[in-house]
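The values are calculated or read from the model by the stated rules, or taken from the named source; none is laboratory data. Bear in mind that the values here come from a model prediction, so they are computed numbers and not experimental data. No Cβ is skipped: glycine too gets one built from the backbone with ideal geometry, and neighbour counts run over all protein chains shown. For the accessible areas, the whole protein counts, side chains as well, though only heavy atoms, and no ligand, DNA or RNA atoms are used. Shrake-Rupley method; radii C 1.70, N 1.55, O 1.52, S 1.80 Å.
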Amino acid sequence: MGRPTVLLLLLTFLTPGAAIRVPPAMKALSSLRWSTSFTSRGTVAKKYSINYIEQKVNHFGFDADETFKQRYLIADEYWKKNGGSILFYTGNEGDITWFCNNTGFMWDVAAQLKAMLVFAEHRYYGESLPFGNKSFTDSRHLDFLTSEQALADFAVLIKHLKKTIPGAKNQPVIAIGGSYGGMLAAWFRMKYPHIVVGALAASAPIWHFGNLVPCGVFMEIVTKDFKRSGPNCSETIRNSWDAINRFARTGAGLRWLSKSLGLCTALTNTQDVQNLKAWISETWINLAMVDYPYESDFLQPLPAWPIKVVCQYLKNPSVSDAQLLQNIFQALNVYYNYSGQANCLNISETTTSSLGTQGWSYQACTEMVMPFCTNGIDDMFEPHSWNLREFSEDCFKQWGVRPRPAWIITMYGGKNISSHTNIIFSNGELDPWSGGGVTKDITDTLVAITIPEGAHHLDLRARNAFDPTTVLLARSLEVRHMKQWIRDFYANQRKKH
């Protein structure tokens, strides 16, 4: 495979071509600076305070006093000190302000839950860099980038908030997250049940490890999304790989591909062609994740039901190679040039720069080892087997580390999680990550909510007039469970007194 991380996509589960931003000089630990952000549509989005807390670089050792500043956001417009709650977003692989602005569900339910909203940035992402601009220099500096350290950050932060914010001490905290953040929310409830009363884990593939699910399930769901969105659409994509390979045999063919696909950089060798095919595959994967029923700009500016729009160009798998690839170019343009502003297509970029590619690449090479494979029959991709040895070599070359594929199952229990309580696992059936998610109830309090017309954590996005009924129902069920957790918390408090 051309790029070792190309299918290690968490989102938000993604492998964006983003540069890690070095944080500006930090302000005072508890800045009362208010930030008002804007969506791409130009409307005022969110109002929150930006704050910092001093965290230990290593929560699980005692011989070093190194600390760093973790950023977190607070919005308390609807918070009530009497009978209120705290909704705590477990930040994932990117800038926390971006996740804050793409998690409209929390803002929509804040009033009815009398909730303070807290968005905590994950260490090594955004501005929360343990070693500043040296954080990614080598494996020694990256050794503290783990889910366990991140969960410990969240626990310390919540204890700090309860100690320092008047009225917060005796309030229930609910963890909420999507994608890798959803996994963290579920794991947070499992590991720190005394700190959070429950968790909403949206699009959280906690079982996409080891052999808990088949390695091909992800790509099969991507293929189903394209198959249902237009006649011959997935078949056309399946045929495109051989068409690319045939053109790539000659220098003239490479030049034709570069020009016809509108690439910013010309293809010159076999590795370039591998990278091209990986980039195209990643584009189809990202489209499956963000196949939302309305215009959005989560990863790129896109039309409503973008796969249907893409499939309008991919109706005939039997045309000549040249015509087929020109159609592929039109389809790619839906994703990369819906705004009409791109002069060429850059095969090193597939998503927003708000996501952190370096950090996630390292996590995928250590504990977040998620197997992927394709066979070209049950899916629309070129066949690739999952080869752990090859993957391990790629990781060692890139980071000087080797993956521990069984560790997440050891740490968080794999499918043996029935002893835990109060976790909602929500999954959209259009989302390829649902294949590694919990899609059936495990107990009365470990519940699964499936959204037939939902893509990647659609339920965490803001209310929209074009939301399908199924996501409205899902959100109402989620709120009902959260209200019950809050009632139970206060009932138990009264018993103690």
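Key figures
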read-out: Residue count, the stretch 89-142 (criterion: open to solvent by 20 Å² or more (accessible area, probe 1.4 Å) and either over 25 Å from ALA64 (Cβ atoms) or hydrophobic (A, V, I, L, M, F, W, C) (or both)); value: 11
read-out: Checking THR410 against (1) assigned to a loop (DSSP other than H, G, I, E, B); (2) outside the structural domain of ALA199 (by the TED database), the condition it does not meet; value: (1)
read-out: Cross-chain or 6+ apart pairs with Cβ under 8 Å, the stretch 320-338 first and in the same structural domain as GLU349 (by the TED database) and of a type in the set (S, T, N, Q), then in a helix (DSSP H, G or I) and open to solvent by less than 30 Å² (accessible area, probe 1.4 Å); value: GLN326/SER260; ASN327/THR236
read-out: Filter pass, TRP360 being under 23 Å from ILE280 (Cα atoms) and part of a loop (DSSP other than H, G, I, E, B); value: no
read-out: Residue tally, condition open to solvent by less than 50 Å² (accessible area, probe 1.4 Å), over 25 Å from GLN484 (Cα atoms) and assigned to a helix (DSSP H, G or I), over the stretch 143-172; value: 6
read-out: Enumeration of residues in the stretch 230-261 that are of a type outside the set (A, V, I, L, M, F, W, C), open to solvent by less than 20 Å² (accessible area, probe 1.4 Å) and more than 14 Å from GLU382 (Cβ to Cβ); value: GLY230, THR236, GLY253, SER258
read-out: Flag if ALA304 is under 27 Å from the mean Cα position of the chain (by Cα) and either closer than 24 Å to TYR125 by Cβ or of a type in the set (Gly, Ala, Ser) (or both); value: yes
read-out: Residue within the stretch 216-226 that is crowded, with 21+ Cβ neighbours inside 10 Å and over 30 Å from PRO301 (Cβ atoms) present; value: yes
read-out: Those residues of the stretch 387-404 which are part of a loop (DSSP other than H, G, I, E, B) and surrounded by fewer than 18 Cβ atoms within 10 Å (Cβ to Cβ), in sequence order; value: ASN387, GLY400, VAL401, ARG402, ARG404
read-out: From the options ARG461, ARG480, ARG487, ARG404, residue that is within 24 Å of PRO371 (Cα to Cα) and not β-branched (Val, Ile, Thr); value: ARG404
read-out: Meets criteria (aliphatic (A, V, I, L, M), surrounded by fewer than 18 Cβ atoms within 10 Å (Cβ to Cβ) and not in a loop (DSSP other than H, G, I, E, B)) for ALA266; value: no
read-out: Residues being hydroxyl-bearing (Ser, Thr, Tyr) and touching a residue at least 60 places away in the same chain (Cβ under 8 Å) - total across the stretch 414-434; value: 3
read-out: The stretch 355-403, residues that are within 17 Å of TYR124 (Cβ to Cβ) and of a type in the set (Val, Ile, Thr); value: THR357, THR366, VAL401
read-out: Sole residue being touching a helix residue (DSSP H, G or I) at 6+ places or on another chain (Cβ under 8 Å), surrounded by 22 or more Cβ atoms within 10 Å (Cβ to Cβ) and either closer than 20 Å to GLU220 by Cβ or at pLDDT 95 or above (or both), chosen from ALA331, ALA322; value: ALA331
read-out: Subset of the stretch 416-437 [surrounded by fewer than 18 Cβ atoms within 10 Å (Cβ to Cβ) and either in the same structural domain as GLU367 (by the TED database) or more than 18 Å from PHE218 (Cα to Cα) (or both)]; value: ASN416, SER418, SER419, THR421
read-out: Search result, residues across the stretch 92-122 that are under 14 Å from ALA175 (Cβ atoms) and assigned to a strand (DSSP E or B); value: ALA115, MET116, LEU117, VAL118, PHE119, ALA120
read-out: Scope the stretch 53-77; condition under 26 Å from the mean Cα position of the chain (by Cα), outside any strand (DSSP E or B) and under 17 Å from LEU161 (Cα atoms); matching residues; value: ASP76
read-out: Selected residue (criterion: surrounded by the most Cβ atoms within 10 Å (Cβ to Cβ)) from residues of the stretch 340-365 that are modelled with pLDDT of 85 or more and touching an Asp or Glu at 6+ places or on another chain (Cβ under 9 Å); value: TRP360
read-out: Boolean, PHE381 is of a type in the set (Phe, Trp, Tyr), open to solvent by less than 80 Å² (accessible area, probe 1.4 Å) and in the same structural domain as LEU267 (by the TED database); value: yes
read-out: Residue in the stretch 448-489 that is farthest from the chain's Cα centre (by Cα), counting only those that are open to solvent by less than 10 Å² (accessible area, probe 1.4 Å), among the aliphatic types (A, V, I, L, M) and under 30 Å from GLY210 (Cα atoms); value: ALA474
read-out: Filtered residues of the stretch 438-447 (kept if farther than 27 Å from ASP379 by Cβ and open to solvent by less than 30 Å² (accessible area, probe 1.4 Å)); value: LEU446, VAL447
read-out: Filter result for the condition that a residue is more than 20 Å from VAL196 (Cα to Cα), open to solvent by 50 Å² or more (accessible area, probe 1.4 Å) and in the same structural domain as ALA491 (by the TED database), over ASP76, ASP63; value: ASP63
